[in-house]
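All remarks here apply to the structure that follows.
The values are calculated or read from the model by the stated rules, or taken from the named source; none is laboratory data. The shown structure was predicted, so the numbers you read here are calculated from the model rather than taken from an experiment. Here the Cβ positions follow ideal geometry from the backbone for every residue, glycine too, while neighbour counts run over all protein chains shown.
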Amino acid sequence: MKLAIVIIVGVVLLAAALAVWAYNFLVRLRQNVHEAWSAIDTELQRRHDLVPALVETVKGYAAHEKQTLEAVIAARNAAAADHGPVASQAQHQGELVEALRRLLAIVEAYPDLKASSRFLDLQKQLVETEDRLSKARRFYNANVRELNTATQSFPLSLLAGWFRFEPQPYFEVEETARRAPAVKMA
């Protein structure tokens with residue numbers, strides 16, 4: 001009888017220790033996802049800060065392109081204001097990238113603008129931001145993949161449901177935003 005109680009207590013303690021380990025493991029994965037999203041958020045903010053300066057620079061050279069300039073600002077404002085789910089933010093970011101792509105296409109018609117050191121500096125910063133954003137998106141998606149795999153793999157899936165760990169969405173861009181903007185330096 002005493003041996004049976006010791007075995008039962010041992011099994012219960014082992015199960016409790018595994019549950020604590022699993023919970024802490026899932027918390028670490030969830031925190032990695034939050035940290036990775038923070039990196040994306042930082043780069044998105046940098047992009048949002050660059051867009052008005054870029055538009056103002058182009059506005060001085062291409063005043064009659066008002067509709068395109070307004071579309072870029074509207075897309076920027078929508079993207080900057082969206083703090084909702086990842087899918088919603090991805091959609092707004094895709095619209096902003098598409099508006100920027102149209103803006104950069106307009107630049108081709110203005111040789112003086114293409115040669116402007118202010119414009120070239122802003123263009124360089126935008127390209128660097130897009131590169132960092134791409135890296136941050138890959139880092140975020142890798143962390144989401146790790147969390148989602150853990151929460152959907154047996155036996156962690158049992159505990160993940162019990163501890164209310166939900167799979168997280170990937171940060172995916174719209175199909176039109178997958179093409180890199182055509183950027184030609186003067």
Every residue from region 23-45 that is among the polar types (S, T, N, Q) and within 15 Å of TYR170 (Cβ to Cβ): ASN32
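Within region 42-81, which residues are among the acidic types (Asp, Glu), under 22 Å from the mean Cα position of the chain (by Cα) and surrounded by fewer than 17 Cβ atoms within 10 Å (Cβ to Cβ)? Give the steps one after another, and end with the answer.
Let us first name the residues in region 42-81 that are among the acidic types (Asp, Glu), namely 43, 49, 56, 65, 70.
Of the ones still in play, those that are also under 22 Å from the mean Cα position of the chain (by Cα) are 43, 49.
Answer for region 42-81, where residues must be among the acidic types (Asp, Glu), under 22 Å from the mean Cα position of the chain (by Cα) and surrounded by fewer than 17 Cβ atoms within 10 Å (Cβ to Cβ): just ASP49.
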Selection from region 82-107 of residues that are surrounded by fewer than 18 Cβ atoms within 10 Å (Cβ to Cβ), modelled with pLDDT of 90 or more and among the β-branched types (Val, Ile, Thr): VAL86
Flag for VAL173 being modelled with pLDDT of 95 or more, within 23 Å of GLN91 (Cα to Cα) and not basic (Lys, Arg): no
